[in-house]
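Here the structure comes first, spelled out in structure tokens, and everything after it is commentary.
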Amino acid sequence: MLNITYLVTAGPTHEQIDPVRYIGNYSSGKMGFAIAERLAQLGAKVILVTGPVSLEVQNPAITRVDVVSADQMFEKCQDYFPTCDGAIMVAAVADYKPVHFSPEKIKRTDENLTITLCPNPDIAASLGKVKRKDQLVVGFALETAADEKKAMLKLQQKNLDLIILNSLGDHQAGFKYDTNKITILDSTGVVFTSELKLKSELAIDIVAKIIEIQQSRPGMC
């Protein structure tokens with residue numbers, strides 16, 4: 001049984017434009033929840049920080065923390081990460097948010113509407129900057145086509161231990177589906193490639209690779 005605590009993020013974030021509109025994406029949270037459940041099955045304690053999803057947590061070893069925006073997810077991750085052995089950043093965090101939030105519903109007109117956006121914090125990169133030698137940070141890279149070079153660049157720039165690449169170009173993979181197809185990379189390159197599988201099955205593969213690394217490093221649990 002694993003005597004570790006892991007932070008996992010899941011789902012989308014919603015960046016408000018006005019009280020009834022937001023910027024978001026199609027993430028269902030299924031991959032993040034599956035990874036959290038697999039860790040808990042193996043005895044780990046899990047802090048699951050999730051954006052707005054319709055999923056429910058099954059294992060009592062998972063502490064669920066609900067957020068809406070990228071800023072809220074960033075704050076919760078900063079709070080919890082120091083007490084964790086690692087973090088798996090599965091959430092599809094919105095890259096941008098509106099600079100201004102309108103407290104009243106924006107009325108429709110016949111004129112074009114311009115919304116100025118600014119970057120959200122990069123949560124995975126922020127954890128990569130502060131991680132200790134006994135902590136792992138795992139990121140996800142969603143591309144419209146499989147691109148290992150882009151994934152490797154993200155791993156290096158964000159100081160990640162692993163990055164999991166998945167592509168919207170693969171049939172029945174990515175957002176909304178129960179299935180996915182992944183490639184796992186570390187600093188040396190590709191270490192695992194899957195066929196199309198259920199996300200619950202891929203969670204087993206992903207957690208196994210993480211635990212393998214965790215147990216191979218001196219000073220890690």
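The values are calculated or read from the model by the stated rules, or taken from the named source; none is laboratory data. Remember, it's a predicted structure, so these values are computed and weren't measured experimentally. Methodologically, a virtual Cβ is constructed for each residue, glycine included, from the backbone with ideal geometry; neighbour enumeration extends over all protein chains shown.
The residues in the range 76-118 that are under 30 Å from D205 (Cα atoms) and assigned to a loop (DSSP other than H, G, I, E, B) can be counted, and the count is 7.
Identify, from the list T144, T188, T109, T114, the residue that is within 23 Å of A10 (Cβ to Cβ) and out of contact with any strand residue (DSSP E or B) (no Cβ under 6 Å at 6 or more places or on another chain).
From the options T144, T188, T109, T114, the qualifying one is T144.
In the range 148-162, how many are exposed (fewer than 15 other Cβ atoms within 10 Å of the Cβ) and free of Cβ contacts under 8 Å to residues at least 24 places away in the same chain? If you could, list the steps in order and put the result at the bottom.
Going through the range 148-162, the residues exposed (fewer than 15 other Cβ atoms within 10 Å of the Cβ) turn out to be 149-150, 153, 156-157.
Subsequent filtering for residues that are free of Cβ contacts under 8 Å to residues at least 24 places away in the same chain retains 149-150, 153.
Number of matching residues: 3.
Limited to the range 183-210, what total is found for residues that are in a helix (DSSP H, G or I) and either crowded, with 19+ Cβ neighbours inside 10 Å or of a type in the set (F, W, Y) (or both)? If you could, list the steps in order and put the result at the bottom.
Here is the first cut: in the range 183-210, the ones in a helix (DSSP H, G or I) are 199-210.
Cutting the leftovers down to either crowded, with 19+ Cβ neighbours inside 10 Å or of a type in the set (F, W, Y) (or both) gives us 199, 202-203, 206-207, 210.
Of the residues in the range 183-210, 6 are in a helix (DSSP H, G or I) and either crowded, with 19+ Cβ neighbours inside 10 Å or of a type in the set (F, W, Y) (or both).
Among the residues here, V207 qualifies as of a type in the set (V, I, T), in contact (Cβ under 8 Å) with a residue 12 or more places away in the chain and out of contact with any strand residue (DSSP E or B) (no Cβ under 7 Å at 6 or more places or on another chain). In the set V99, V67, only one residue is closer than 29 Å to L168 by Cβ, modelled with pLDDT of 95 or more and under 16 Å from the mean Cα position of the chain (by Cα); that residue is V67.
Among the residues of the range 8-56, those that are polar (S, T, N, Q) and in a loop (DSSP other than H, G, I, E, B) comprise T13, N25, S27, S28, S54.
Quick test for you: out of A124, A141, pick the one residue that is surrounded by 13 or more Cβ atoms within 10 Å (Cβ to Cβ), of a type in the set (A, V, I, L, M) and not in a helix (DSSP H, G or I). Before the answer, list the steps.
Working: A124 fails: not in a helix (DSSP H, G or I).
Checking each option against the conditions leaves just A141.
Scanning the range 76-93 for residues that are surrounded by fewer than 19 Cβ atoms within 10 Å (Cβ to Cβ) and in contact with a Cys (Cβ under 9 Å, 6 or more places away or on another chain) turns up nothing.
Look at (1) small (G, A, S); (2) in contact (Cβ under 8 Å) with a residue 12 or more places away in the chain; (3) closer than 20 Å to A44 by Cβ and you find that S216 fails only one, number (2). A residue that is outside any strand (DSSP E or B), out of contact with any helix residue (DSSP H, G or I) (no Cβ under 8 Å at 6 or more places or on another chain), at pLDDT 90 or above and under 30 Å from K129 (Cβ atoms) cannot be found anywhere in the range 157-180.
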